[in-house]
Amino acid sequence: MPKGYWIAHVTVTDPEQYQTYAGAAPEAFRKYGATILARGGTHTQMEGEGRPRNVVIEFPSLQAAIDCYNSPEYQAAKARRQGAGIAEIVLVEGV
């Protein structure tokens, strides 16, 4: 079964509030077997509009990635992120 991935591009506008999200989200990630592969490090934007923070999270399957996003745990964490930045998140199936 192919793995699933979250790919997120984020601009944090309120770092203090964003930290409350960052502290809450790992609960959902652990529950759904996530492995964080990239989170905010140095990057080079090659095409298109970029954001300063880029995140790649691996899940056992695309369904696990979807279930995590829709879970009560992640939705509670996401509510803490509201107003703290701009995020674009896509969930994709691996090969």
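Candidates in segment 38-70 are the residues that are assigned to a loop (DSSP other than H, G, I, E, B) and of a type in the set (S, T, Y); of these, the one that is farthest from G85 (Cα to Cα) is S61. Of all residues in segment 62-77 being touching a helix residue (DSSP H, G or I) at 6+ places or on another chain (Cβ under 9 Å) and of a type in the set (A, V, I, L, M), which is surrounded by the fewest Cβ atoms within 10 Å (Cβ to Cβ)? Once the filter is applied, the top-ranked residue is A76.
Select from segment 16-61 the residues that are among the acidic types (D, E) and within 14 Å of the chain's Cα centre (by Cα) and write down the one among them that is surrounded by the most Cβ atoms within 10 Å (Cβ to Cβ). Step by step, filter segment 16-61, then rank; the result is E58.
Annotation: T42 fulfils all but one of (1) in contact with a strand residue (DSSP E or B) (Cβ under 8 Å, 6 or more places away or on another chain); (2) under 15 Å from V56 (Cα atoms); (3) not small (G, A, S); the unmet one is (1). Of all residues in segment 37-62, none that is under 22 Å from Y18 (Cβ atoms) and in contact (Cβ under 8 Å) with a residue 60 or more places away in the chain has its Cβ atom under 7 Å from the Cβ atom of a residue that is among the aromatic types (F, W, Y) and outside any loop (DSSP other than H, G, I, E, B), 6 or more apart or on another chain. Considering (1) more than 15 Å from the chain's Cα centre (by Cα); (2) assigned to a helix (DSSP H, G or I); (3) of a type in the set (G, A, S), the lone condition that G83 does not fulfil carries the number (2). The one condition from (1) of a type outside the set (G, A, S); (2) within 21 Å of R81 (Cβ to Cβ); (3) more than 11 Å from the chain's Cα centre (by Cα) that K3 does not meet is (2).
Can you tell me which residue in segment 78-95 is surrounded by the fewest Cβ atoms within 10 Å (Cβ to Cβ), limited to those that are in contact (Cβ under 8 Å) with a residue 12 or more places away in the chain and among the small types (G, A, S)? Only one residue tops the list, namely G83.
Any residue that is assigned to a helix (DSSP H, G or I), hydrophobic (A, V, I, L, M, F, W, C) and out of contact with any His (no Cβ under 6 Å at 6 or more places or on another chain) - is there at least one of those in segment 28-37? Looking through segment 28-37, at least one residue is assigned to a helix (DSSP H, G or I), hydrophobic (A, V, I, L, M, F, W, C) and out of contact with any His (no Cβ under 6 Å at 6 or more places or on another chain).
FYI, it's all coordinate maths here, none of it is from the lab. It should be emphasised that the depicted structure is a prediction, and the values quoted were computed from it without experimental measurement. Because the Cβ atoms are built from the backbone with ideal geometry, glycine has one as well, and the counts that use them run over all protein chains shown.
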